[in-house]
Each structure stands twice: as C-alpha cells, then as structure tokens.
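The values are calculated or read from the model by the stated rules, or taken from the named source; none is laboratory data. This is a predicted model, so every value here is computed, not measured. Positions of Cβ are generated from backbone atoms using ideal geometry, with glycine treated the same way; all protein chains shown enter the neighbour counts. Heads up: the accessible areas ignore ligands, DNA and RNA and are worked out on the full protein's heavy atoms, side chains in. Shrake-Rupley method; radii C 1.70, N 1.55, O 1.52, S 1.80 Å.
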Amino acid sequence: MSEVVERWGSRRAFIIAVTGAAVGLGNIWRFPWMVGENGGSVFLLLYVAFVLLLGLPVMVAEILIGRAGRRTPMQALAFLAQEAGGSRHWRLLGLLGGITLFLILSFYAVVSGWSLEYLVDAFSGDFASRSPQEIGAAFDAFLASPGRVIINQTLFMVLTMSVVAFGVGSGLERLNNLLMPLLYLLLVVLVGYAATTTGFGTALRWLFWPDPQAITFMVVLNAMGHAFFTLAVGAGALMAYGAYMPEGQSVPRAVVTVALLDILVALLAGIAIFSIVFSQGMDPASGPGLMFVTLPVAFSQLPGGALWLGSFFILLLIATWTSSINLAEPMVAMLHSAGLRRVTSALLIGSGVWLVGLPSALSFSWLSDVQPIGGMTFFDLATTIPTDILLPVGGLLIAFFAVWVMDAPRAVQALSSNERFFVIWRQVTRWIAIPLLTLVLVGAMF
Ligand code: TRP
C-alpha cells in the first residue's frame with residue numbers, strides 16, 4: 001500500500017486536468033438530450049441546484065480523500081479508514097467506483113466514436129446542402145451500420161488507452177489547456193448565431209422559464225444523475241486525480257472554478273442547440289441523436305460551415321478524450337498498484353471496456369430488438385443505470401466517508417484552505433447533501 005509518487009506539474013495543471021475530466025460529452029451531448037427529454041426549464045433548474053448542493057460537496061469529499069490518502073482509490077479508502085479506526089472494507093467503495101467507471105466508459109467510447117465519424121464527414125462538407133430531415137436520416141443510417149460504429153469505437157478506445165498507458169500527466173494536458181478555450185469560444189460564436197434565428201426566444205423561454213408541472217420523480221432522478229456525471233464525481237475518478245495534487249493547493253478554489261465552468265459550457269450548448277431545434281420545428285425530445293443533428297444544421301448556415309463544424313468536432317474530440325482518460329485512469333492505476341505494468345493494465349482494461357461496449361454499439365443495429373429490462377436496449381441501460389443509480393450511491397458513500405469516518409484533522413489538512421471553509425463544507429455535506437441524496441435514492445426504489 002505505498003503512496004503514489006506522481007504529481008501534477010503545477011496547481012494550474014491540476015485544475016486543467018479536473019476541468020478536462022468534467023467538460024466533455026456530458027455538457028454538449030448528454031445535457032441537451034436530457035433537457036429535451038425532461039421538459040426543459042425544470043430539469044435545468046434541478047441540475048444546477050444538484051450541482052451546487054450535491055455535486056460540489058461530494059467533489060470536495062472525493063478530492064480530499066485522494067489527496068489525504070495519496071494512494072489509488074481502493075488503497076486510499078482502506079488506509080484512511082484504518083487510520084480512523086474504521087473498517088478496511090471501505091475499500092470496496094473503490095471497487096464499486098471502478099465498476100461504475102468501467103460501465104460508463106463502455107458507452108462513452110461508443111458515443112465518442114460517433115463524433116469521430118462526424119469529424120471526417122464535417123470537413124468533407126457533406127452536411128452543407130442537406131435539410132435537417134436528411135441529416136437525421138443519415139445519422140440513423142450510420143448508427144444502423146455496425147461496422148462503422150465499431151471501427152470508430154475501437155479507434156477512440158485506442159486513443160484513450162494509449163495516453164493512460166503512459167500516465168496522465170503527459171503532453172495531453174498542455175494540448176487541453178491550449179484548445180479548450182477555443183471550444184468555449186466556438187460555443188459563444190454558435191450562441192451568437194443562434195441569437196439571429198427565429199427559435200432563440202422560444203429556446204430561452206423554454207430553458208429558463210420554470211414550468212412546475214413538468215416535475216416528475218424521473219426528472220429529479222435524471223437531473224441528479226446528470227449532475228454527478230457532468231462533474232465526474234461519484235466513482236472515485238477525481239479521488240485518483242486528487243492523489244496527484246501538489247502540496248499546498250487549495251481544494252475549494254479549484255472545485256468552484258470547475259463547477260462554474262461546467263455549468264457555463266452546458267448552458268451555451270443548450271441555448272445553441274435548442275434555438276436550432278425551435279427554429280427548425282424539430283422535437284426537443286429527439287434522444288441521443290439531438291446534438292448530431294442540430295449542430296450540422298446550425299453550422300452549415302454559417303459562411304465556411306464545413307470548417308466551423310469540423311473545428312467544433314476536433315475540439316469536442318479533445319474534450320471527450322480528456323474525460324475518457326479520467327474515466328480510465330483509476331482502473332488502470334488500481335491494477336498497476338496491484339503489481340501489473342501500466343501498459344499491461346491499460347491493455348487489459350481497454351479490451352474489457354471495449355468488449356462490454358459492443359452491445360451498446362450494436363443497440364441501433366443487430367441488437368436493436370434486444371431489450372433486457374423494461375423496453376430498454378443495452379445502450380439505454382448503459383447510459384442510465386451507472387449514471388442515475390451507481391454514481392449517486394457512490395457519491396453518497398464517499399460523502400459519508402469524508403464527514404463521518406475520516407479523521408477530521410486529516411481532512412482539514414488535505415483541504416489546504418481555512419478552517420471556516422472546512423466547517424461550512426462539513427455542515428452542508430452532513431445536513432444537506434447526505435440527507436437529500438438519501439431521500440432521492442430511497443424515493444427511486446419505489
Ligand atoms: N464528466 C464527463 C463528461 O461530462 C464524463 C466523466 C469523466 C465522468 N470522468 C468521469 C463521469 C467520472 C463520471 C465519473 O463528459
């Protein structure tokens with residue numbers, strides 16, 4: 001159970017890495033899809049509330065545990081539990097996180113593969129003269145061709161694992177640092193364009209004007225799961241990143257920066273996408289294909305559309321890449337700490353995730369009729385259960401561990417902030433985050 005020796009090169013590098021983990025498909029693909037299917041403004045409001053009330057406290061807890069333990073998630077939990085006189089079995093929480101990450105990465109690679117396919121199509125200018133209906137039909141045809149979907153899934157898996165095999169502190173972070181501001185800029189341009197469309201006003205009203213009638217229990221559960229997913233918390237992935245934190249860096253500041261940026265990116269993507277939806281008379285509840293149909297339509301209206309769209313997908317690819325690296329890192333680090341070489345661990349995890357992702361990849365073709373539970377395909381199951389159930393359960397246990405099990409002086413020290421923040425964080429976690437999370441999860445069982 002030795003300590004990890006890797007460190008992020010600087011404080012900035014840590015923030016960049018966590019932002020890289022947080023900002024990804026969750027903001028640009030999953031968020032608009034979820035908002036669309038869950039009735040608009042109410043989902044958005046709940047999502048923001050959950051990010052602030054649940055996501056942030058759990059994120060602090062997670063990074064704190066990794067930082068204090070300076071080990072891979074399972075070992076950090078076992079070490080800190082023992083130190084506080086608790087049970088070694090807490091390390092099973094690290095295992096639960098590993099399983100969650102495994103399942104999430106399995107479909108994440110499939111969807112990232114879709115964007116890979118689009119990257120090439122975008123530059124070719126194929127989208128330019130097509131109507132939304134034609135673009136939609138082409139997307140469905142692509143999903144229905146197993147070979148193309150699997151090739152892209154495989155490619156993306158190779159991209160991810162080849163970075164993780166050599167450690168996450170490498171050159172990609174620098175690339176990320178350079179290119180992510182460009183992605184934000186492109187989103188702003190897109191919103192600027194959206195403001196000139198006829199659907200802009202409708203989109204804003206639909207997104208921001210609360211409609212209490214739309215609240216159902218499913219909406220609450222979806223919003224909660226999404227808050228965890230988009231912040232990358234609940235499965236120990238940020239625990240692993242916290243272990244590499246430099247000495248003396250303040251956790252609260254890093255965490256707040258990341259959360260605000262994450263919300264901002266989602267809002268920009270949402271405004272852009274729904275302006276297109278409403279100006280083209282499309283259905284907001286178009287499911288996981290929403291982004292893939294609306295963005296080509298939007299960009300093709302701009303002069304030089306192919307270039308815009310292609311650039312957007314390149315930047316999106318980098319954003320998803322840094323997220324998938326974060327998904328893979330804890331699993332690889334855990335195998336590595338058990339004695340395997342890093343490269344071997346990456347190969348094993350990569351192949352396993354790829355294999356388990358195949359049913360998701362085939363859910364729109366060969367396996368479209370296979371619906372193991374309640375009319376849901378493998379893809380539907382992979383995109384809901386780990387996110388809506390496993391992440392919140394993991395988050396609840398992580399928060400509980402940090403405020404009720406771990407030694408308080410340890411926690412204060414690992415936060416590297418003032419004592420007052422620690423007290424506020426602990427009260428909010430104990431008396432708001434944990435009860436609220438429990439309430440929603442218990443509600444979900446009925
Ligand atoms: N947050 C990422 C996104 O929005 C996905 C992600 C990265 C993630 N690391 C994670 C989700 C860890 C859950 C746990 O695309």
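A single member of Leu307, Leu302 is in a helix (DSSP H, G or I), at pLDDT below 90 and of a type outside the set (Lys, Arg), and it is Leu307.
Could you grab me the full set of residues in the stretch 121-153 that are on the phi < 0 side of the Ramachandran plot and in a loop (DSSP other than H, G, I, E, B)?
Initially, the stretch 121-153 is screened for residues on the phi < 0 side of the Ramachandran plot, giving 121-124, 126-153.
Selection gives Ser124, Asp126, Phe127, Ala128, Ser129, Arg130, Ser131, Ala144, Ser145.
The set of residues in the stretch 314-327 being surrounded by 24 or more Cβ atoms within 10 Å (Cβ to Cβ) and more than 9 Å from the ligand (Cβ to nearest atom) consists of Leu316 alone.
Per the conditions (1) touching a Pro at 6+ places or on another chain (Cβ under 9 Å); (2) within 30 Å of Phe312 (Cβ to Cβ); (3) not β-branched (Val, Ile, Thr), the sole criterion not satisfied by Ser112 is (1).
Considering (1) closer than 19 Å to Trp114 by Cβ; (2) crowded, with 24+ Cβ neighbours inside 10 Å, the lone condition that Ser300 does not fulfil carries the number (2). Among the helices (runs of 4 or more DSSP H) confined to the stretch 1-109, the ones with at least 1 residues that are open to solvent by less than 10 Å² (accessible area, probe 1.4 Å), on the phi < 0 side of the Ramachandran plot and acidic (Asp, Glu) are located at 56-69.
List the helices (runs of 4 or more DSSP H) inside the stretch 343-424, counting only whole elements, that have at least 1 residues being over 27 Å from Phe31 (Cβ atoms) and open to solvent by 20 Å² or more (accessible area, probe 1.4 Å). The helices (runs of 4 or more DSSP H) meeting that bar are 391-400, 408-415. Within the stretch 6-48, restricting attention to residues that are hydroxyl-bearing (Ser, Thr, Tyr) and more than 16 Å from the ligand (Cβ to nearest atom), the residue that is nearest to Gly113 (Cα to Cα) is Ser41. Among what's in the stretch 332-342 and is part of a helix (DSSP H, G or I) and open to solvent by 10 Å² or more (accessible area, probe 1.4 Å), pick the residue that is farthest from Leu159 (Cα to Cα). This residue is Ser337. In the stretch 197-219, which residue that is open to solvent by 60 Å² or more (accessible area, probe 1.4 Å) and among the hydroxyl-bearing types (Ser, Thr, Tyr) is farthest from the ligand (Cβ to nearest atom)? For the stretch 197-219, the residue satisfying everything is Thr198. Taking Phe379 as meeting all but one of (1) aromatic (Phe, Trp, Tyr); (2) closer than 20 Å to Leu441 by Cβ; (3) under 18 Å from the mean Cα position of the chain (by Cα), write down the number of the exception. Every listed condition holds for Phe379 apart from (2).
Inspect the stretch 182-196 for any residue being within 14 Å of the ligand (Cβ to nearest atom), at negative phi and part of a helix (DSSP H, G or I) and give the result as yes or no. Looking for residues that are within 14 Å of the ligand (Cβ to nearest atom), at negative phi and part of a helix (DSSP H, G or I), one finds at least one in the stretch 182-196, hence yes. Looking only at residues of the stretch 220-270 that are open to solvent by less than 20 Å² (accessible area, probe 1.4 Å) and among the hydroxyl-bearing types (Ser, Thr, Tyr), we find that the one that is nearest to the ligand (Cβ to nearest atom) is Thr230. Take the conditions at pLDDT 95 or above and among the basic types (Lys, Arg) and apply them to Arg174. Does it pass? No, not satisfied. The C-beta contact set for the stretch 100-111 (first residue more than 10 Å from the ligand (Cβ to nearest atom), second residue aromatic (Phe, Trp, Tyr), distance under 6 angstrom, 6+ apart or interchain) comprises Ala109/Phe156. Taking the conditions exactly as written (in contact (Cβ under 8 Å) with a residue 60 or more places away in the chain and away from the ligand (no atom under 14 Å from the Cβ)), does Trp366 satisfy them or not? So Trp366 passes the test. For the stretch 117-142, the set of residues classified as open to solvent by 20 Å² or more (accessible area, probe 1.4 Å) and at pLDDT 90 or above consists of Glu117, Leu119, Glu134, Ala137, Ala138, Asp140, Ala141, listed by residue number.
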